[in-house]
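**Q** Sharing a structure with you now.
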Amino acid sequence: MNRMKVDEEEYWHSSKCKAFTFDDDDELSQLKESKRAVNSLRDIVDDDDDLEKFSWSGEPVGRRNKLGSFQSLSDALSDTGVKSYAPELRRPKAEYKDYTSDWSPKDTVRRMQRGKICSLERFRSLREKLMLLDEAVAVHDGNVITAILIFLKRTLKREILFQELEVRQVALRHLIHFLKETGEQKLLLDLLLSQYREHLSIQDAEKRREFLKGCIRLPFSSEDAVHVQDHYTLLERQIIIEANDRHLEAAGQSEIFRKYPRKASILNMPLVTTLFYSCFYHYTEAEGTFSSPINLKKTFKIPDKQYVLTALAARAKLRAWHDVDALFTTKNWLGYTKKRAPIGFHRVVEILQRNSAPVQVLQEYVRLVEDVETRLNLAMKYKCHDVVIDTYRDLKDRHQLMAYRCKVERGSAEEDKIDSILSNL
């Protein structure tokens, strides 16, 4: 009984853990050794910034991905490897330096080139962001340029970004390539159209031509690319025609320029206006010249209807009725001539009347209108009496002839003609 009591007291008054005493040399030496190990570890992680850093999961920190962008601050701080394997450890001081230091745009770009983690969020003003982009372009590093463009695409309004890229062609080409690779077709189309529309604000013809020449290299769709190429070709041709015609007008060597002085320059005019100008001043020129209407028609694949409408308006304005007649005269393989109008002869009559064509000319084309009702309406509207009388005669409409006889002048040739027809019906 007494023995059990002694054992119980020894249990409660004993301990497996030894208390630390300053007199214990072994314990003190172990503590110093641990302190030296910790200090040596701090020296290692505080070493030169140029050493490549790895996360606790074994992945390099700040490495580039295949698109050339860099790991963001939020991605780095949310690294699952850090949380899973070493939640109790603090980041090394050199790693915090990348996030907290006030790096300039130039220093930031240099660090991005070396694969360092750099937060771009601190660059908030437009001026700082553009400085960052300009520095990236200056070092000719495509990965850094693309990474900064992704940041700008996310933080700038689309209109502002497009406007700033207009004067930064290198960065523009990188963004276009990136959008093509990532399949962002809508944004790519908006960017290309924005660049193309910029030519509207360029007044100088030579500068506009150079700008359009640059647009030709942009990756437009096949249909849009043809349009841009045609626009460039048209302006190039307008520059040549303008220089030549200005010289002829100043020298007084051309009768048409003396009789009809030019009211405006041909530069930057639409294709239809250029065609009208060519039909007005250069209608008889050989097809091989740049100013020839036929040359313009073939170069820009102008449809027959558009060409005939424009040429008719130009020649009618000059009252060149022989040219008008030739415009609609065709020959078949047997040599027979025939009048043909791809726009319809009713439209030909309207255009001629607007240009004050004489009745004799109008009547010739009113007769060619196939629809009888339309022909009669046009003939009555423009007082082409012979056409009205002949149409009623062909219809053998005695009643209408008698009614129309009351509308012509008494004793006129038209009245005599109606009387002659009525007597034979």
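Since every read-out is calculated from the coordinates, none of them should be taken as a lab result. Please read these numbers as outputs of a predicted model, since none were measured by experiment. Cβ coordinates were reconstructed from backbone atoms using ideal geometry, including for glycine residues, and neighbour counts include every protein chain displayed.
**Q** Run the numbers on the range 203-302 and let me know its relative contact order in percent, using alpha-carbon pairs under 8 Å that are six or more apart.
**A** That works out to 21 percent.
**Q** While we're looking at this one, here's another question. Between rounded, prolate and oblate, where does the range 274-424 land on the alpha carbon gyration tensor, with a ≥ b ≥ c its root eigenvalues, rounded for a/c under 1.5, else prolate if a/b exceeds b/c?
**A** Cα axes put the range 274-424 in the prolate bin.
**Q** Kirkwood-based Rg over Rh for the range 146-291 (C-alpha set), two decimals?
**A** Ratio of gyration radius to Kirkwood radius for the range 146-291: 1.13.
**Q** Separate question: By its C-alpha gyration tensor, with a ≥ b ≥ c as the square roots of the eigenvalues, how is the range 357-425 shaped: rounded for a/c under 1.5, else prolate for a/b larger than b/c, else oblate?
**A** oblate
**Q** Can I ask one more? Take the residue pairs 153/180; 383/407; 338/396; 339/407; 396/417 and return only those whose Cα atoms are more than 19 Å apart.
**A** 338/396; 339/407
**Q** Indicate the gyration tensor shape class of the range 319-381 (rounded, prolate or oblate), computed on the Cα atoms with a ≥ b ≥ c the square roots of the eigenvalues: a/c under 1.5 is rounded; otherwise a/b larger than b/c is prolate and the rest oblate.
**A** oblate
**Q** Still on this model: Using all C-alpha to C-alpha distances in the range 138-224, build P(r) with 10 Å bins and read off the rounded percent in each one.
**A** P(r) for the range 138-224, in whole percents per bin: 15, 51, 29, 5.
**Q** Normalise the Debye intensity by I(0) for the range 384-424, one equal point scatterer per Cα, no solvent, then take log10 at q = 0.25, 0.26, 0.35 Å⁻¹ and round to two decimals.
**A** Taken in order of the listed q values, log10 I(q)/I(0) reads -0.77, -0.84, -1.48.
**Q** Would you please name the chymotrypsin sites (Phe, Trp or Tyr not before Pro) within the range 333-376 that are DSSP coil residues with at most 10 other C-beta atoms within 10 Å of their C-beta?
**A** 333, 336
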